[in-house]
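Reviewing the structure listed below.
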Amino acid sequence: MKLIAKKPEFKFTPDTTIVLFIDEEQARTISAVIPGGLEFIDTTLDLSFVRGKAGEVMFLPFKDNPNILMCGFGKPKDTTAETLRKSAGNCILSARKRKIKKLHVLLPVVESMKEEDVLTAIAEGMYLANYSFGKYKAKKNNSEADVDTAYMYSGSSLAQQLLTETAVICENSLLCRNLVNETSDNSNPMAISKVAKHIAKQKGVTCSILGRREMEKHSMGLMLAVSRGSHYPPQCIILKYTGNPGKKHTIGLVGKGVTFDSGGINLKPSGNIETMRSDMAGAAACLYAVKTAAELKLKVNIVAAIPCVENMITNSSYRPGDVFRAYNGKTVEIGNTDAEGRLILADALAYTIDRYKPDVIVDVATLTGACVVCFGELVAGLLSTSDELSENLFLAGEKTGERLWRLPLYREYDEDIKSDIADICNISPKKQAGSIIGGIFLKHFVKKTPWAHIDIAGTAWFSKRRGYLPKNATGYGVRLLTDFLKRCE
Ligand code: BES
Ligand code: MG
Ligand code: ZN
């Protein structure tokens with residue numbers, strides 16, 4: 001979707017569609033809020049039925065005047081960037097159903113927000129809602145169509161710059177959704193490598209890939225173990241972006257790329273296995289965060305390690321009871337082959353820290369079902385050894401609406417992953433604190449580097465649409481990480 005800034009001079013032809021945002025208070029004195037030139041709305045309709053409630057969308061078709069899409073956004077005192085994104089998302093869903101291709105968007109005045117923030121939030125909600133994954137439908141979906149262009153009427157001199165930036169970030173969120181929605185057959189480890197190589201065509205980005213041979217050479221025993229049952233070779237993608245060559249400071253990113261998680265010998269049951277093509281959502285978020293950083297020319301340096309494997313069940317699969325040696329030399333007993341994400345992250349984290357010495361490192365992973373039990377689909381889990389890093393990620397979450405909440409890593413949990421025969425086990429024998437145990441395991445592989453782990457098992461994949469976020473892949477992480485990277489500039 002194109003986002004185009006326009007100066008607020010309203011001269012509309014009758015074939016256009018104008019979007020008006022209205023809060024509950026403005027709805028009460030609606031005549032006063034109707035902009036000059038649009039008096040026809042008030043003179044021809046009884047607007048006393050407009051309530052301005054959050055979720056309210058009215059399409060008002062006029063014959064000899066522009067059509068109006070009236071979108072409520074609730075009580076002014078409750079208005080935030082997120083309520084505006086939601087309202088703007090609803091507006092797009094309505095426009096898509098009516099196959100309206102172009103929208104002229106008049107921005108509301110929100111007392112508690114800067115004009116620029118109102119503009120950005122509404123643009124984001126519109127862009128992110130304007131999505132569907134129709135690739136595998138034989139017939140083109142005839143009940144809706146993408147909106148082509150949103151003209152945003154803003155007095156701010158920064159408007160076009162902000163909209164251009166918003167379009168870059170949101171477009172990458174949509175591309176991230178596509179990769180996660182894609183089938184495991186098509187987004188296998190090698191296919192993800194290809195996406196990474198394509199991203200590395202950007203200025204400042206380089207890509208190198210460790211295949212099975214390199215992993216053997218580097219003794220990445222855990223990644224090799226998980227991938228053993230698949231006929232796809234494992235791939236550890238290393239994407240580097242140098243946006244600030246004068247500075248040594250580097251941010252490490254690691255994204256879980258399990259292209260299908262069958263569970264392995266600890267096979268997942270029906271009901272849990274069907275959506276496991278989404279188990280590479282962390283990888284996709286990191287890939288598209290790097291692409292976004294490069295496109296926005298952010299002044300940061302990034303090294304992203306993206307381990308991609310398929311966790312399959314065959315005669316060559318790794319087994320419960322096996323022991324493997326990680327890149328950092330620690331031995332790991334396999335208590336459960338379905339706790340595979342932490343294994344590939346362990347090797348990738350240790351390797352990235354040892355080889356590239358990032359100043360901080362953040363991993364993003366669909367790691368535990370327990371995280372979905374704890375937070376549902378609305379909030380990601382955060383586990384971290386650094387208060388400062390946690391705070392920055394938290395603030396990025398609040399700003400973007402890709403929220404997260406911290407869980408503790410108390411030392412007392414350490415004993416839960418003790419093993420009889422190896423240094424540690426990949427699961428706890430108890431059915432407790434599943435998401436924390438995932439973090440406790442990963443902590444063994446990060447030495448002293450400030451580290452954060454974001455568990456996106458719930459937020460990456462929705463069981464139903466929620467406003468501007470569709471059912472299935474949500475693209476969670478791209479906007480969060482981009483905002484976090486900006487805070488590191
Ligand atoms: N990929 C799953 C976690 C997951 C579950 C993601 C639901 C998205 C939705 C992960 O590899 C897994 O299987 N975790 C196990 C860990 C357990 C064996 C300790 C789980 O959560 O059951
Ligand atoms: Mg698993
Ligand atoms: Zn998994």
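The values are calculated or read from the model by the stated rules, or taken from the named source; none is laboratory data. Because the structure is a prediction, the values reported are computed rather than measured. Every residue, glycine as well, gets a Cβ built from its backbone with ideal geometry; the counts of neighbours run over all protein chains shown. Remember, those area values only see protein heavy atoms, side chains included, never the ligands or the DNA or RNA. Shrake-Rupley method; radii C 1.70, N 1.55, O 1.52, S 1.80 Å.
Rounded if a/c is under 1.5, else prolate if a/b beats b/c, else oblate: with a ≥ b ≥ c from the C-alpha gyration tensor eigenvalues square-rooted, which is the stretch 32-135? Mind showing how you got there, number by number?
Values: a/c = 1.79, a/b = 1.10, b/c = 1.62.
Note, shape of the stretch 32-135 comes out oblate.
Taking the highest mean first, how do the peptides 381-391, 415-425, 334-344, 446-456 order by number of other beta carbon atoms within 10 angstrom per residue?
Going from most to least packed, we get 334-344, 446-456, 381-391, 415-425.
Efficiency by 1/(1 + (r/R0)^6): what FRET value for ASN336 and THR206, r their Cβ-Cβ distance, R0 = 35 Å, to the nearest 0.05?
0.45
Considering only protein heavy atoms and a probe of 1.4 Å, how much of the accessible area of the stretch 14-95 is carbon and sulfur, as a whole percent?
Roughly 54 percent, rounded to a whole number.
Treat each spin label as a single point 7 Å out from the Cα along the C-beta direction, and report the LYS217 to HIS231 distance in nm.
A separation of 2.8 nm, rounded to one decimal place.
Averaging sequence separations of C-alpha pairs under 8 Å and six or more residues apart, then dividing by the length of the chain, give the relative contact order as a whole percent. Intermediate values should be presented prior to the final figure.
Working: 1142 pairs, mean separation 71.5, N = 489.
Once divided by the residue count of the chain, the mean separation gives 15 percent.
Taking the Cα of VAL373, stepping 7 Å toward and past its beta carbon, and measuring to each backbone N in the stretch 393-435: which are under 17 Å?
From the stretch 393-435, the list is 407-408, 416-417, 427-435.
Which length gain, in nm to one decimal place, applies between LYS101 and THR43 when the Cα-Cα distance is subtracted from 0.36 nm times their residue separation?
Gain on extension, LYS101 to THR43, equals 18.2 nm.
Which whole-number percentage describes the relative contact order of the stretch 159-268, with Cα contacts under 8 Å and a sequence gap of 6 or more?
27 percent
Round to the nearest 0.05 the FRET efficiency obtained for THR13 and THR183 when R0 = 41 Å and r is the Cβ-Cβ distance.
After rounding, the FRET efficiency stands at 0.40.
If I model a spin label as a point 7 Å beyond the Cα along the Cα-Cβ vector, how far apart are those points for VAL323 and GLU415 in nm?
Here the modelled spin labels are 2.2 nm apart.
Which distance in nm do the two modelled labels at ASN315 and LYS447 give, with both placed 7 Å along the Cα-to-Cβ direction?
4.2 nm
Where Lys and Arg each count +1 and Asp and Glu each count -1, what net charge lies around VAL379 among other residues with Cβ under 12 Å from its Cβ?
So the environment of VAL379 carries a net charge of -2.
Using alpha-carbon positions, what is the distance between the centroids of the stretch 123-147 and the stretch 376-390, in Å?
Distance between centres, Cα-based: 32 Å.
Loop only per DSSP, at most 11 neighbouring Cβ atoms within 10 Å: give me the chymotrypsin sites (Phe, Trp or Tyr not before Pro) in the stretch 367-413, ordered by residue number.
Answer by residue number: TYR410.
Measure out, as a whole number of angstrom, how far apart the alpha-carbon centroids of the stretch 406-471 and the stretch 183-199 sit.
Rounded to whole Å, the Cα centres lie 26 Å apart.
Between ASP78 and LYS63, 0.36 nm times their residue separation minus their Cα-Cα distance comes to what?
Computed gain between ASP78 and LYS63 is 1.8 nm.
Find the centroid of the Cα atoms in the stretch 216-239 and in the stretch 241-299, then give the distance between the two in whole Å.
Result: 16 Å between the Cα centres.
Just the number please: accessible area per residue for the chain, 1.4 Å probe, all protein chains included, in Å².
About 43 Å² of surface per residue is accessible.
Quick one: which of 221-234, 199-212 comes out on top by average Cβ neighbours within 10 Å, and what's the full order, highest first? Show your work: numbers first, answer last.
Numbers: 221-234: 23.0, 199-212: 16.4.
Top of the packing list down: 221-234, 199-212.
Order 178-185, 37-44 from most to least packed using the mean count of other Cβ atoms within 10 Å. All intermediate terms of the calculation are to be shown ahead of the outcome.
On the way: 178-185: 18.9, 37-44: 13.8.
Put in order of decreasing packing, that is 178-185, 37-44.
Round to the nearest 0.05 the FRET efficiency obtained for ARG466 and ASN142 when R0 = 30 Å and r is the Cβ-Cβ distance.
0.75
So, counting K/R as plus one and D/E as minus one, what does the shell of residues with Cβ under 10 Å around LEU239 add up to?
+3
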